[in-house]
Amino acid sequence: MTTVAQKPAEPYEVVRVQVPKRSLNSELRAIKIVWRRELIRFVNDRMRIVTSLVQPFLFLFVLGGGLQQLASAGTHGVDLKTFIYPGILCMTVMFTAMFSAASIVWDREFGFLREMMVAPVRRSSIVIGKCLGGATVAAFQGVIVLAIAGLVHVPYSVGLILGALGLQLLLAFAITAFGLAVAIRIKQMQSFMGVMQMIVMPMYFISGAMFPAQGLPTWLTVLNRVDPLAYAVDPMRRLVFSHLNISPIARHVLDPGLSWWGWQMPALLEAAVVLVLGLGLLVVAIWEFSRTE
Amino acid sequence: MQDAHEPAISVSNLVKRFGDFEAVKGVSFEVGAAEVFGFLGPNGAGKSTTINMLCTLLKPSSGQATVAGHDVVLERDDVRRNIGLVFQDPTLDGYLTAAQNLKLHAELYGVPNNLVAPRMEQVLRMVGLWDRKDGQVMMFSGGMRRRLEIARGLMHSPRVLFLDEPTIGLDPQTRRSIWTYIRELQEREEITIFMTTHYMDEAEWCDRIAIMDKGEIVALDSPQKLKAGVGADRVSIQTDDDEAAIEALRERFGIEARISEGAVTFGVEGGEQFVPRLFAEFDPSRNPGSPAIRGVSVSRPTLDDVFMSFTGSTIRDAEEDPAKHRNRVMMQMMGGGARR
Ligand SMILES: Nc1ncnc2c1ncn2[C@@H]1O[C@H](COP(=O)(O)OP(=O)(O)OP(=O)(O)O)[C@@H](O)[C@H]1O
Ligand SMILES: [Mg+2]
């Protein structure tokens, strides 16, 4: 502690600030800065970029590569890695989005949450900013996984990349909203991670990210159809498969789509389900956040 | 701008209950514009609770308060736009740089874009952190963080700055420099400063202080007046037999003494002149059976004494407080131990 205040040579003009009344503009600024903070923190935290990619890559190359030998009869000439690739695209954003939501628990633990809570802005602006930040960060991660498409025999096409990115943003947004709604109630990091593992991992497995959601035992089919994640995984798979050059039988077996009593859901409707769910969770998160003192 | 004569903070019968427990028991006071007002009290006195109500973080159970002319319950937003806050616990984002923390604050408070940079430079220079503006806060020392928090609280030119224990855990030198900033600030920006502390010596920097104990304000005045009110010097003596000494003081000097911090303590005018008389009177050759005195100390009235005279106890958590031992003349008497 050696720094001393440098006194300006001559008394300078005091820069006075007049804080304006709350307006839409000030709310937008708040949203933007909360969003920016998430990005800055993400970029500064290289460790996190790496660690959240470990699991998807492990699944894709180790599990996918390893099981290939057993599964080759059932995949009709399609590489198992190619098959689970859409599921991995979803998985990446899921984990990253979860971490983003977890940051609100950190913020509480390290006191920073208070700084945001006392600002003369709506609580909803803070939640929305966090949610958009989480989605953006997750989409960044998604891009990294998209970049390796060639390694699993998926062609690079503009339509595929834009579509996949859009779906990733949507999913990341919904998961962050979900994570925030949970995180606001939970005061400790350990319990938050525990809860998320308990909810998200089963949801991921049931969603059909690792297997086709057709011809399953009835109980699993029921669970699969009510699992919100299934509605993100399925359009992603259809998108990827529409750019693959494979036999009709393989397409039929591996990309059956989600159907309710024989009616095949359109991909856009599935995406809409995710969007509506995400917005609903956002409203819940805002409501919970506004209640806390 | 508001009328300068209107108080910056005005509080009447403010109460906060947590369940059955009454943390703040109906306090009333006013703080004038551009005043430095201190809240002094031991741990758990209710200082933070009061501050939190004034800055709209807690809802009062009953009573009223206005800050910068706005009601803290009904006009929460208006209050928030006009106050700066430095909390008892740190609230910086350690992953961001100093400048990024300030920028974030400016955006949240809607500071006009063209003013963000000049204002930031000004507040950072004021607390001596301008050359560290691009340093990550995680790497800052405790004192630097505290100063940065003060700078941040000032980013939006608040009319009232609340500081909850701004100097806790800092070394005396840093504490002094923070106080210098605070006074300088108050002069330059004409803002009202409301702060809490449990360092007695720091309260001397305030224009007025309120002493809070167990949720109530037990005294409120300028430090000088409070000390003058106690008047006498404080004498404490160590004896073989405290009870007998208190009895003897009452009989021979008409002084009411009591035991505090393991010594017989009392107030008397002209403490240093009193000590020779005391020894003469307690001399066993003259007054056989007098309790033997082993040590004496005389001190000018400090805020500790003020605190003691109002609450009947010293501020208990002042263990590491150097003020307690300052201004104190220790006179170790050789005879006391030998006579035993
Ligand atoms: N949220 C709460 N719920 C229940 N009791 C509380 C709560 N906040 C504070 N208290 C109690 O209110 C009393 C006053 O607390 P407060 O934090 O205001 O004290 P303080 O004067 O700031 O003390 P310190 O010097 O330790 O900061 C304490 O007994 C504390 O336990
Ligand atoms: Mg406190």
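Only the coordinates and a few stated rules stand behind these numbers; no lab work does. Keep in mind that what you see is a predicted model, and the values were worked out from it rather than measured. A quick note on method: Cβ atoms are made from the backbone with ideal geometry, for glycine too, and the neighbour counts reach across all protein chains shown.
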> Which residue, B:ARG234, B:ARG159, B:ARG125, tops the fluctuation ranking in a GNM of chain B built on C-alpha contacts under 10 Å?
Replying inline: B:ARG125
>> Between A:TRP260 and A:SER247, what is 0.36 nm times their sequence separation minus the Cα-Cα distance? Round to one decimal in nm.
In response: 2.2 nm
>> Kirkwood Rh over alpha-carbon pairs of the protein assembly as shown, then Stokes-Einstein at 10 °C and 1.306 mPa s: what D in µm² s⁻¹, rounded to an integer?
In response: 55
> Looking only at A:GLY111, A:GLY64, A:GLY262, which one moves most when chain A is put into a Gaussian network model with springs between Cα atoms under 10 Å?
Replying inline: A:GLY262
>> Nothing charged except the Cβ atoms of Lys and Arg (+1) and of Asp and Glu (-1): what's the magnitude of the dipole of the range B:232-300 about its Cα centre? Round to the nearest 20 debye.
In response: 180
> Residue farthest toward the positive end of the dipole of the range B:232-300, with Cβ of Lys/Arg at +1 and Asp/Glu at -1: which of B:GLN238, B:PRO291, B:VAL268?
Replying inline: B:VAL268
> How many partner chain Cβ atoms sit within 10 Å of a residue's Cβ in peptide B:89-102, on average, as a whole number?
Replying inline: 4
> Using alpha-carbon pairs under 8 Å, 6+ residues apart, how would you state the relative contact order of chain B in percent?
Replying inline: 18
> What's the angle, to the nearest 10 degrees (0 to 90), between helix B:98-108's Cα axis and the longest principal axis of chain B?
Replying inline: 70
> Out of A:SER124, A:GLN168, A:ALA101, whose Cα points farthest toward the positive end of the dipole of the range A:73-200 (charges: +1 Lys, Arg; -1 Asp, Glu; placed on Cβ)?
Replying inline: A:SER124
> Relative to the first principal axis of the alpha-carbon coordinates of chain B, what is the inclination of helix B:142-154, with its axis defined by its Cα atoms, in degrees from 0 to 90 and to the nearest 10?
Replying inline: 50
>> Loop-only chymotrypsin sites (Phe, Trp or Tyr not before Pro) in the range A:76-163, please: DSSP not H, G, I, E or B, and at most 11 other Cβ atoms within 10 Å.
In response: A:TYR156
> What dipole magnitude, in Debye to the nearest 20, does the range A:86-132 give about its Cα centre under +1 on Lys/Arg Cβ and -1 on Asp/Glu Cβ?
Replying inline: 180
>> If each DSSP helix of 4+ residues adds -39,500 (n - 2.57) and the sum is divided by the residues in chain B, what number results at 222 nm, nearest 500 deg cm²/dmol?
In response: -10500 deg cm²/dmol
> Which of these, B:ILE259, B:ILE178, B:ILE209, has the largest mean-square fluctuation under a Gaussian network model of chain B (Cα springs below 10 Å)?
Replying inline: B:ILE259
>> Once each part is reduced to its C-alpha centroid, what is the distance from the range B:168-232 to the range A:58-127 in angstrom?
In response: 51
> Given charges of +1 on the Cβ of Lys and Arg and -1 on the Cβ of Asp and Glu, with all other atoms neutral, how large is the dipole of the range A:164-293 about its Cα centre, in debye to the nearest 20?
Replying inline: 60
> Which net charge results for the neighbourhood of B:ARG146, defined as the other residues with beta-carbon distances under 12 angstrom from its beta-carbon, given Lys and Arg at +1 and Asp and Glu at -1?
Replying inline: -1
> So what's the gap between the Cα centers of the range A:133-159 and the range B:1-50, to the nearest angstrom?
Replying inline: 56
> Considering every residue in B:124-137, what mean count of other chain Cβ atoms within 10 Å of its Cβ is obtained?
Replying inline: 2
>> Below 8 Å, C-alpha to C-alpha, sequence gap of six or more: please give me the relative contact order for the range B:232-300 in percent.
In response: 49
> Which order do B:ASP134, B:ASP71, A:ASP227 fall in if you start with the one that has the fewest other Cβ atoms within 10 Å?
Replying inline: B:ASP134, B:ASP71, A:ASP227
> Among the listed pairs A:LYS187/B:LYS59; B:LYS16/B:LYS214; A:LYS21/A:LYS187, which are separated by more than 23 Å between their Cα atoms?
Replying inline: A:LYS21/A:LYS187
>> Could you work out [θ]222 nm for chain A from helices alone, using -39500 (n - 2.57) per DSSP H run of at least four and dividing by all its residues? Round to the nearest 500 deg cm²/dmol.
In response: -22500 deg cm²/dmol
>> To test your reading of the geometry: what angle, between 0 and 90 degrees and rounded to tens, separates the Cα axis of helix B:271-282 from the longest principal axis of chain B?
In response: 30
> Dividing the alpha-carbon radius of gyration of the range B:232-300 by 2.2 N^0.38 Å (N being the number of residues), what value is obtained?
Replying inline: 0.98
>> Give me the inter-chain shielding for B:198-204: mean count of other chain Cβ atoms within 10 Å, whole number please.
In response: 0
> For chain B, the longest stretch holding no GluC sites (Glu not before Pro) located in a DSSP loop with at most 14 other Cβ atoms within 10 Å is which?
Replying inline: B:1-189
